[in-house]
Amino acid sequence: MSTHHAPWWRDAVIYQVYIRSFADGNGDGVGDIAGIRSRLPYLKWLGVDAVWINPWYRSPMADHGYDVADFREIDPLFGTVAEAEQLIEEAHQHGIRVIPDIVPNHTSDRHAWFQAALAAGPGSPERERYVFRPGRGPDGAEPPNDWVSAFGGPAWTRLPDGEWYLHLFAPEQPDLNWQHPQVRAEFESILRFWFARGVDGFRIDVAHGLIKHPELPDLPPRRADDGRREHVDHPHWDRDEVHDIYRAWRRVADEFPGDRSFVAEAWADTPERLAAYVRRDGLHTAFNFDFLMSSWDAKDLRSVIDDSLAMLGAVGAPATWVLSNHDVVRHPSRYGRKVVRRWTVNEPYRPEGPLDLELGTRRARAAALLMLALPGGAYVYQGEELGLPEVEDLPEQVLQDPVWERSGHTDRGRDGCRVPIPWSGRSAPYGFSPDGARGEPWLPQPEAWAELSMEKQKRDERSMLALYRAALRLRHEHPALGDGDLEWLDAPAGVLVFRREPGFVCAVNLSTEPYPLPEHTSVLLGSGPLEDGVLAPDQAVWLATDAFTPVPAA
Ligand code: GLC
């Protein structure tokens, strides 16, 4: 498939398919496998190397598939295992690899194991596969400790028989006990099930959460956010013992032919802690959330890039870069606001103040060229290539993310970045569902998205789509791009300029002054028009410094 000598995952561009919202093949208003299959030619045309598909397993959908009831079945909403196999085969025919999501931290409360644990009662072996405990206080009416759910509220729910069970997310997502050998064996068997069906790897959900401190102590005191990065010994995040699990998973991946690989969703306190996931005998890659959380600021971005390359380089792993995903506010909207509060692992992003979407979009174009020029791999979240903004005004009655309810209606949750993709046409469903569909799209699409549809942008060479496609094309053709190193060049404050060999320079202007371009032989690609050889604020450019000429577009 890949012509590179290094394994494909060292510099792949992986397109994230949020299956509910990508393409609806059967007209029920929810995306599905048939929809993905119908759009493979588009993904090939766009030029991505792989797709990561959010959970497609059988699920009651309390957290849109992250509550899995059966890991060896596809949910009927999305299709069947046979269709998944067809998708994998057809994607491979298009030269596109397939990476499903695996969710090992928890199951659905409808999973056979949890149902058995409920039926068997306190003290039973069935309960040992999850985290059940008696409560505190005179009648055990207080939760066993003070842990909180990532979606708001306590991380414990009490059953009528008096015991409590742990759920770091929704109550419908009970946490598994990874000290239990059956849990370990079961997941290795699930990995083999899907590897045997041809998947090229897995994205590991909440990879940093599997191991809990055996005594389940209360949380450590909250740190003051003084901007310092230091690792805190936490009772359920990023515990060292988690790496034993991944060493075993690596051995499973290595049983199969081809380069199968893992990417960890691991939120770590420091780049060193993140690098621990991708040591040679562990996972292959991890998402770089520091890059995603960085504000549009040259100093911040440069330090994230330097730290990431240094720490990952030290363990021989490639970096990955990501700007958006299904859990965060889409980046044109993030970059279109003044940063009021720093966004860290402990303090989630909250939109504040007026939005300047034109500015945010200009920056998003520049950010795409920055990301795609950096050494390593990159993730593109569906719709990012169309420049979709966050939908901030979804009516309250359509909100579905459990965060909305669990936060007592104080946090609108993540639905605003999950609105179905506009493919074509002047009105909803914009080609997301087939003509004459029975169902409306599961979240309403804004009217303004008529201007952002894929078909419309395909015909406009100044569109975000045209920019992504040109950048992905050049990435494949240019020998300097992908895996490798970079060298920073001198530049005024607020401007990032780096060289990659052979003969490539990327410049990004995050300052408020125009920046005269450094020496070059040709302009390969710009995020906006270049006037008089200067790079305007919030623009980026790719330059050739030797005789490289791109192959003309087909
Ligand atoms: C991860 C997923 C998120 C999900 C959570 C619980 O953070 O990206 O969407 O809600 O895990 O599985």
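Computed from the coordinates by the stated procedures, all read-outs in this text should not be read as laboratory data. The structure presented is a predicted model; accordingly, all values stated were derived computationally and were not measured. All Cβ positions, glycine included, derive from the backbone under ideal geometry; neighbour counts span all protein chains shown.
Annotations
- Judged by the gyration tensor of its Cα atoms, with axes a ≥ b ≥ c, the range 112-166 is oblate; a/c meets the 1.5 cut and b/c is at least as large as a/b.
- Taking the fewest neighbouring Cβ atoms within 10 Å as the starting point, the ordered list for 385, 513, 83 is 513, 83, 385.
- Footprinting exposure proxy for 172, 255, 73 (fewest neighbouring C-beta atoms within 10 Å first): 255, 73, 172
- Segments 189-196, 474-481 sorted - mean Cβ within 10 Å per residue, highest first: 474-481, 189-196
- Cα gyration tensor category, rounded, prolate or oblate, for the chain with a/c compared to 1.5: prolate
- Annotation: extensible slack from residue 73 through residue 295 equals 75.9 nm (criterion: 0.36 nm per residue apart, minus Cα-Cα distance).
- Net length gained if the chain between residue 440 and residue 488 were fully extended (0.36 nm per residue, minus Cα distance): 12.3 nm
- Ordering 422-433, 274-285 by mean Cβ neighbour count within 10 Å, with the highest value first, yields 274-285, 422-433.
- Protection proxy ranking for 345-355, 365-375, using the average of other Cβ atoms within 10 Å per residue and placing the highest first: 365-375, 345-355.
- Taking a sphere under 13 Å around the Cβ of residue 529 and counting the other residues whose Cβ falls inside, with K and R at +1 and D and E at -1, yields a net charge of -1.
- Net charge of Cβ neighbours under 14 Å - reference residue 485; Lys, Arg +1; Asp, Glu -1: -2
- Förster radius 51 Å - calculated FRET efficiency between residue 458 and residue 110 (Cβ-Cβ, nearest 0.05): 0.75
- Full-stretch length increase - residue 340, residue 94 - with 0.36 nm per residue and alpha-carbon distance subtracted: 84.2 nm
- FRET efficiency, residue 356 to residue 410 (Cβ-Cβ, R0 30 Å, nearest 0.05): 0.75
- Counting charges near residue 358 (Lys, Arg +1; Asp, Glu -1) among other residues having Cβ under 12 Å from its Cβ returns a value of +1.
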